[in-house]
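The values are calculated or read from the model by the stated rules, or taken from the named source; none is laboratory data. What you are looking at is a predicted structure, and each value in this text was computed from that prediction instead of being measured. Methodologically, a virtual Cβ is constructed for each residue, glycine included, from the backbone with ideal geometry; neighbour enumeration extends over all protein chains shown. Heads up: the accessible areas ignore ligands, DNA and RNA and are worked out on the full protein's heavy atoms, side chains in. Shrake-Rupley method; radii C 1.70, N 1.55, O 1.52, S 1.80 Å.
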Amino acid sequence: MMDGSFPETAATSELVRAAGRERTISATALLCAVAGTAIALHLPGMSRYGFFRDELYYIACSEHLARGYVDQPPLIALIAWISRHVFGNSLAAFRVFPVLAGAVTVYLTGWLAGELGGGRLAQFVAALAILFAPLYLAFDSILTMNAFEPVFWLACACIAARIANGGSPKLWMLFGLIAGVGLENKHTMAVFGFGIVAGLLLSGDLQPFRSRWIWIGGLIALAIAAPNLLWEARHGWPQVEVVRNGQLLKNTPIGPLQFLGEQVLFYSPIALPLWLGGLVWLLFAREGKRFRFLGGAYLIVLAIFMIADGKTYYPMGAYPMLMAAGGVAFEKLSAHRAWTPFRIAYPALIALAGLFTLPFGVPVLSVNTFLKYADALPYAHHVKTERDSTAQLPQNYADMFGWDTLTTTVAQVYYALPETERGHCAILAGNYGEAGAIDYYGPGLGLPKAIGGHNSYFYWGPRGYSGECVILFGEGSSGFKNYFGDVRQVATVSNPPGMPSEQDVSIYVCRKPKAALAELWPHFRLII
């Protein structure tokens, strides 16, 4: 009977499956291309400027592998250790994994858009928006926990979306595995996990909680995180003290409106309609009903960090979910004839704006060129997460300068000492960036490892030094020198591009301690 329909046969079924595989392969190839672009964008900046302050600290931590540190779980130190042993000890070597993590985030964002029901356009636009988000470009340029955090959040979101699409509930065990490793990267993973659970409850989807697999997944996450949690408990929960002191003494206080405004800046104002539209699609669209818990998770995460006075970039791991949903909404909306031109124009605008702001996230320009560029486009100067900010360079760049010069000057002071004093002369740094600089650059100059009271350096102790001879410098040194009876200022290090606390660093040679250094050590403690 010629009615225009075809009976389904094995052959036609195979053709349908083949066509589906071809579309999947094409989408995969497209996402791989966008992820590859993410790597390419970072290559010119991997060896520019210098180490960011925190990078030097994480490298130092990698020489003291442990189950925990004062201000972070152990994974970042392990990544630094692997980087050094696999890629070498150079600036670019320590940035390989962050760049790769950024590429994975870009790819998974597009993959999630496909899981939410989007086609190639949805996947492409979502991945493109994350690729050019200024905050992601900045964090993926350096060795930091923030480069890896979105990977863990996003991977868990992808798994949860797959389960919502009818995937095996046993996937909750994989969710727990990834979440557990994510907790070893950064404790804020717990906020995301709470957001997912609360989002499911608020959406009315109680089916996952009737299955044993989600509970097993939670136990897996807890088991992986347990060693670090035990370390925290044994040391009096220093991470809580770090957060509290940061809020009181370090972080720039902001209100809700500024918090929300910086969300717009961090992910590009051009992408605002995309992620905001994605949130609306998740919460209200009929097609997004089974994924509604993702929208709820974002709102809960955002509210927690706002109420807890968290830094404005803390919710960054949740935005790929919104970009993915926004890609789906954009694809559906632009299917209408009146919106068809936007299918090309909007992605092009995202890319153009991203290239325009690229120098604020990736150090592709020389300092002088960047300063001229920033004067013409004052983009990053509106965002300051810490009180010790600089007017010349944005904070993410200012903290990359002066560490090698500082170490060289300390070495000159060290070798100016009588030879009989050098063997027992300690190098006492004010903060972990200054100590990390000595530990990284110092061995090449014949210097001993630094000591200090800042965060984990405090737990590493005075390393057997008596305090009879101490080269003291850096943050807090003006107060610390009072613990010595004989103090001479011997040098000052100028660092105009650096942070204010590192621009004019006094170096002292201290003798005649008022007590043994081991007794004085608690006075040098700085947890922030």
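The table that follows gives values for the structure above.
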read-out	value
Probe 1.4 Å, protein heavy atoms only - accessible area per residue of the stretch 390-450 in square angstrom	34
Under-16-angstrom lysine pairs by C-alpha in the chain, whenever the two are 8 or more apart or on separate chains	7
Cysteines without a disulfide-compatible neighbour (Cβ-Cβ under 4.7 Å), the chain	Cys32, Cys61, Cys156, Cys158, Cys510
Alpha carbon centroid spacing (whole Å) that separates the stretch 206-282 from the stretch 164-197	12
Alpha-carbon gyration tensor eigenvalues x 5, square-rooted, for the stretch 81-239, Å	27, 24, 12
Gain upon complete extension [Ala518, Leu371; 0.36 nm per residue less C-alpha separation]	48.4 nm
Sequence-distant residues sharing a close amide H with Ala491 (under 5 Å, placed H)	Ile507
Label-zone membership for the stretch 96-139, site His336, 7 angstrom Cα→C-beta point, backbone N under 20 Å	118-119, 121-122
Rule-of-thumb Rg ratio for the stretch 475-528 [Cα; 2.2 N^0.38 Å; N residues]	1.29
Length gained when the stretch Ile307-Asn482 is fully extended (0.36 nm per residue, less Cα-Cα span)	59.0 nm
Histogram of C-alpha separations across the chain, 10 Å bin width, %	4, 17, 26, 24, 15, 8, 4, 1, 1, 0, 0
Where labels lie 7 Å past Cα in the beta-carbon direction, separation of Glu241 and Ala416 in nm	3.6
Spin-label zone in the stretch 296-312 - amide nitrogen under 16 Å from a point set 7 Å from the Cα of Asp205 along the C-beta vector	296-300
Spherically averaged projected area in nm², based on the convex hull that wraps the Cα atoms of the stretch 317-464	13.5
The stretch 41-83-the stretch 102-124 distance, computed between alpha-carbon centres (Å)	29
Full-extension gain in nm, Lys250 to Leu352, via 0.36 nm per residue minus C-alpha separation	33.2 nm
FRET efficiency, 1/(1 + (r/R0)^6) with R0 56 Å, evaluated for Leu445 and Ser168 via beta carbons	0.45
Highest-first arrangement of 335-341, 489-495, 182-188, where packing means the average Cβ count within 10 Å	182-188, 489-495, 335-341
Rounded percent of accessible protein surface that carbon and sulfur make up, the stretch 149-188, 1.4 Å probe	73
Relative contact order (percent, whole number), the stretch 354-496, Cα cutoff 8 Å, 6+ residue spacing	21
Probe 1.4 Å, accessible area per residue of the stretch 110-178, Å²	24
Solvent-accessible area per residue for the stretch 241-324 (1.4 angstrom probe, square angstrom)	42
